[in-house]
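Reading through the structure tokens given below for one structure.
The values are calculated or read from the model by the stated rules, or taken from the named source; none is laboratory data. The shown structure was predicted, so the numbers you read here are calculated from the model rather than taken from an experiment. No Cβ is skipped: glycine too gets one built from the backbone with ideal geometry, and neighbour counts run over all protein chains shown. For the accessible areas, the whole protein counts, side chains as well, though only heavy atoms, and no ligand, DNA or RNA atoms are used. Shrake-Rupley method; radii C 1.70, N 1.55, O 1.52, S 1.80 Å.
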Amino acid sequence: MPDRRRLASLAGVTAIALAALAGLGSASPARADAASARHELAISLTLLERNQATSARSHALKAVAADPGWGLAHAVLARSYLALGEGLAAQAELGRAHDAGFDIDRAHQLLAEAWLLQGNPKQALVEAAKAPPRYSVYAARVAGRALAAQRKLPEAQAMLARVLRATDGKDAAAWVDLGRIRQQSSDVAGAIAAATRALAIDRGNVEALVLRGELVRDQYGLIAALPWFETALKVDPWRHDALIDYAATLGDAGRYTEMLDVTRRALAARAGSPQALYLQAVMAARAGNDDLARALLQRTGNALDGKPGPLLLAGILDYSAGGFQQAIEKWRGVLSLQPTNIVARRLLGTALLQGGDERGALDVLRPVALRGDADSYTLSLVGRAFELTGERDWAVKFLDRSAIPVRDPSTPFGIDDSLDVLTVALDRAPDNPVITVDYVRGLIDAKKIDAALAEAQRLAKLYPGAPQAHLLVGDVLMLMKRFDDAAAAYRRASDLRFDEATMLRAVDALDRAGHRDQASAVLAIFLTQNPENVAAQRLTAHWQIAAGDWLAAIDTLESLRERLGNRDAALLAELAYAYAGNDQLDVAQLFAAAAYRLAPLNPAATDAYGWVLYQAGQNTPALQLMRKAVSIAPWHAGLRWHLAQAEADSGQKAEAKTNIDAALGDPTFEDRAAAQALRATLG
């Protein structure tokens, strides 16, 4: 997402303008069209008060055009640029205002914000300190944001708390700024409260509406967030940052035509908008038009350098064009900014493996592959890497796990520092959430689970508004197999941020606790809000197959195949199961054979091929394949149950009983009643 811009208070420039307009004297325009300039400037100020900054800028431009030598008009135009987040343009207009005789000592707070918007918080603090006492509130808010930009979050919050005390809590813009800083601090509950307070004071505050939209997007989902952005754009239809957030949310929701229209509006609002061009590049890449995506990304120039999203996309485009080393460098850059970005780790691991750096690939993929919920693609990459290094025992372990339904709960990323080092760090800063999280991870790595739980619970109590704290509690409880308690912790997290990671954890915990109906409800709610989410669609299809809802499963899986292509063995295997269940055996065999060709050591693909052949009456090859699947994953109850049915149908009663007994020994085995009934007929 693009960097957010924060709306500043109107107090400073409005006071200046009202005083000047009340007694123009020597400050009045000397040109014959002075009345026109005053009229346009008055309209601009009114529009600024109404949060319509884009229109306010238009009228301020008209005032400047009517009398270029009127310093006050340039100052008001600068103020409108600040409201729109355009710091460089604002600074230029303040310079013109000064050249036209405007007293720049009355505008240090405006200069401070201009520097801040240009990414120079240090200079912003210098200018804010020069602001006259009458503009101290404005200057203090800019200073608070500048401190936050320097990652001095406690000091920033303290500064804004003083502003709110000085204004009796009635400064909507200060609440927005505080909400942004709380959001940056991961205090989601606090950010929601601040945005709500801002809107209670000024329901048309565009920045508050956009902030609330972002928070709703994380809290409830994409679809729920759209009305907030739409409301902001009703106030100011051409507000660039609101358009960007709206377009990005539409794109994530799969509404690409609307997304394209909104990005075009953003480009009309701000010519050459790098954020809009980036979103169009993402859309082009999704459509498979790499040349267009590359051209659009190049048009952003250096404006988005160092941003994870553009770096990730640029690497994908480099990789698709054969520029493996360039892609590697870009994806390393993403991980330097976001070490837990699993997508970037997968991509970088793939590129390193392709380039012959097996050890480098293993280093990058290790934190993901060691998780209990590691995805099949990552596991297969790690398995291939170990094969290439000659460590076949390790290769077999990871290939065995590849594409098997998740068996273990999610766990946090591991930590490299020793527990002793982490303990010392925590003793020095016991209330630092980042250090506490690392310490809990260290305790988990050291198998000190009870201590990890106590520390995670302390963190959640200390920061009840931070979803990460509740997720950490849930992760530790999952390791302890306290699934109901973990589900409760994840529920608290999802009340604050209902994203994919939180949803998957909540669904997993509820399902393991025996509440499949509740887990299904959570998954359905998430998909309603995030209809394009691949992980949610995969899980939905898996459960549709388990419930025998074959047509629904086929629809879900075919939709996924249209997006993901025909190289995903797990997806093709699931399609084979679904088509076989719907008695479309010819189609099922095509998908099963394709899955097996892609991953002959994948037990799920192997079983799918065997199961489809068994349904088609080809028992001999079916038994061979299903026995191979069981030999790869002997612990998997579902594979043993499939094999048992084929063996029983082939008259191999002793073997069938052995496999049924093994399946029934798994407390999570779902086809228990059918297996027990078949077992009873075998004697």
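Rounded to the nearest 20 debye, the dipole magnitude of the chain is 1360 debye, with +1 charges on Lys and Arg beta carbons, -1 on Asp and Glu beta carbons, and the Cα centre as origin.
Computed over segment 521-661, the Cα gyration tensor eigenvalues convert (square root of 5λ each) into semi-axes of 27, 16, 13 Å, ordered from largest to smallest.
Rg and Dmax, both from the Cα atoms of segment 195-251 and both in Å, are 10.2, 32. Per the 1.4 Å probe, what fraction of the accessible area of the chain, in percent, lies on carbon and sulfur atoms? That fraction is 53 percent. With Cα atoms defining each centre, segment 302-366 and segment 520-593 are spaced 29 Å apart in the structure.
For the pair segment 246-273 / segment 170-215, the C-alpha centres are spaced 24 Å from each other. Evaluating 6.51 cos²θ - 1.76 cosθ + 1.60 at θ = phi - 60° for every residue in segment 452-468, the Karplus couplings come out as 4, 5, 4, 6, 5, 5, 4, 5, 5, 6, 6, 10, x, x, 9, x, 4 Hz, glycine and proline recorded as x. Diagonalising the gyration tensor over the Cα atoms of segment 232-358 and scaling each eigenvalue by 5 before taking the square root yields semi-axes of 29, 14, 13 Å, largest first. Using the rule -39500 (n - 2.57) for each DSSP H run of four or more residues, divided by the residues of the chain, the 222 nm mean residue ellipticity is -23000 deg cm²/dmol. For Ala592, neighbours were defined as the other residues whose beta-carbon sits under 12 Å from its Cβ, and their charges (Lys and Arg +1, Asp and Glu -1) total -2. Scaling the Cα radius of gyration of segment 436-566 by the globular reference 2.2 N^0.38 Å produces a ratio of 1.18.
If you average the C-alpha positions of segment 605-664 and of segment 38-58 separately, how far apart do those two centres end up, in angstrom? The distance from the Cα centre of segment 605-664 to that of segment 38-58 comes to 75 Å. Shape analysis of segment 516-574 places it in the oblate category; the axes a ≥ b ≥ c from the Cα gyration tensor give an a/c of at least 1.5, with a/b not above b/c.
Neighbours of Asp661 by Cβ distance under 13 Å: Lys/Arg scored +1, Asp/Glu scored -1, total +2. Extension gain for the segment Asp450 to Lys653, taken as residue separation times 0.36 nm less the Cα-Cα distance, is 68.4 nm to one decimal.
Normalising the Debye intensity of segment 563-618 to I(0), with uniform scatterers on Cα atoms only, and taking log10 at q = 0.14, 0.17, 0.29, 0.31 Å⁻¹ returns -0.28, -0.41, -1.09, -1.20. Remark: the chain carries 43 Å² of accessible area per residue (probe radius 1.4 Å; ligands, DNA and RNA excluded). Couplings 3J(HN,Hα) of segment 308-313, computed from phi: x, x, x, 4, 4, 5 Hz, in residue order, whole Hz [Karplus 6.51 cos²θ - 1.76 cosθ + 1.60, θ = phi - 60°; x for Gly and Pro].
For the chain, the C-alpha radius of gyration divided by 2.2 N^0.38 Å, with N the number of residues, is 1.14.
If you look at the Cα atoms of segment 43-150, you get an Rg and a Dmax of 13.2, 41 Å.
Taking all Cα pairs closer than 8 Å and separated by 6 or more residues, the relative contact order of the chain comes to 6 percent.
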